[in-house]
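> Here it is, the structure, as structure tokens.
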Amino acid sequence: MESRYGKVVLVTGASSGIGKAIAERLANEGFRVYGTSRKAEGEEVIIEETASGGFFKLINLDVRSNESAQKAAAYVTEKEGSIDILINNAGFGISGPIEETTPEEAISQFDTNFFGMHRMVRSVLPGMRERGKGLIINISSVAGLFALPYQAFYCASKYAVEAFSEALRMEVKDFGIKVSLIEPGDTKTGFTQNRYFCEGSKHSAYKRSQMSVEKMMRDEQNGPGPEIIANIVVRILKRKNPPVRVIAGFSYKLLVFLKRLLPSRLVVFLVSKIY
């Protein structure tokens, strides 16, 4: 597949789920993909180089570390000469009532989902500015548009990703760098099983919290597979001017449209009834 931005892609959180689906799809499209995982040892070849020159290799990276972010970016740049496309996907979810979530737990949520993204952006921007082109895709969530009960810090981290990405898009425009958001809804991945429950929620005073989170988990597991997000990435790569955001799924687009029309009080009431 032809790309306006180049062929070298760095995808964070690519050992499973959405990140892996994106990495595999792009490798098969001819991109030279470096995915990242905290558990990778050295360079692990997931998809060997194809006739079109694409491959998928997994390298070690902990987005919570400035040093690790810089090291991973430097490694790919040394191997390939550039990082043309950054896809920030690494993240996880914390569940539990706000009152019962400790500051340390809340900070850990932001350290991965938000500051991890910031670290990676800072690692690739100098090279992109020097070349006068590049593409950054940040994987957000519809939870960055709708606050959900007992998911406050996950939602807050994704709301932050939304604001960050919009500001970044404006700041780097003059350097020929494009920025786009993808907002998945309920998607069937290992994200559900990897959800972290705050320690205080184990003996919660909030009796609805368990029922609410269990409904969210069921919805996730009944959602489409991560390939839907990989398809959106491919469409973005073909665009000269990528959209600010792409919401995955018609039903979520409808919900966002209704949110803009309905009074905020009614929106909050309806979400609280669902969850």
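> Please compute the contact order of the range 116-275 in relative form: average sequence separation of alpha-carbon pairs under 8 Å and at least six residues apart, divided by the residue count, as a percent. Don't jump to the answer; show the numbers that get you there.
Details: 169 pairs, mean separation 42.3, N = 160.
Relative contact order here is 26 percent.
> Could you tell me the calculated FRET efficiency between E104 and A51, based on Cβ-Cβ distance and R0 = 45 angstrom, to the nearest 0.05? Let's see the in-between values first.
Working: r = 50 Å, r/R0 = 1.10.
That gives a FRET efficiency of 0.35.
> Something else now. Could you give each residue of the range 15-21 its phi-based ³J(HN,Hα) in whole Hz, using Karplus coefficients 6.51, -1.76, 1.60 with θ = phi - 60°, and x for Gly or Pro?
In residue order, the calculated couplings are 7, 6, x, 4, x, 5, 4 Hz.
> OK, next. Starting at the first residue of the range 99-109, write each ³J(HN,Hα) from the Karplus equation 6.51 cos²θ - 1.76 cosθ + 1.60 with θ = phi - 60°, in whole Hz, x for Gly and Pro.
Once θ is set to phi - 60°, the couplings for the range 99-109 become 4, 9, 9, 6, x, 5, 5, 5, 5, 4, 5 Hz.
> Another question, then. Non-local amide H neighbours of A40 (under 5 Å, H modeled in plane, Pro and chain starts lacking H): which ones?
So A40 has HN proximity to L61.
> With 10 Å bins from zero, work out the P(r) of the range 8-274 over every alpha carbon pair and list the percent per bin.
Per 10 Å bin, starting at zero, the Cα-Cα P(r) for the range 8-274 comes out as 7, 30, 36, 20, 7, 1 percent.
> Give me the percent of DSSP beta bridges within the chain that run antiparallel, rounded to the nearest 5. If you can, show how the numbers build up before the last one.
On the way: 4 of 32 bridges.
That works out to approximately 10 percent antiparallel.
> Specify the angular offset, from 0 to 90 degrees and rounded to the nearest 10, of the alpha carbon long axis of helix 66-80 from the longest principal axis of the alpha carbons in the chain.
40
> Further question: Give the Kirkwood hydrodynamic radius (Å, one decimal) of the range 14-104, defined as one over the mean of 1/r across all pairs of different Cα atoms. Could the numbers behind the result be given before it?
Values: mean 1/r = 0.0697 Å⁻¹.
14.4 Å is the Kirkwood radius here.
The numbers here are math on the coordinates, done by the rules we state, and not lab data. Since we're looking at a predicted model, the values are computed, not measured. Here the Cβ is made from the backbone with ideal geometry for all residues, glycine too, and neighbour counts use every protein chain on show.
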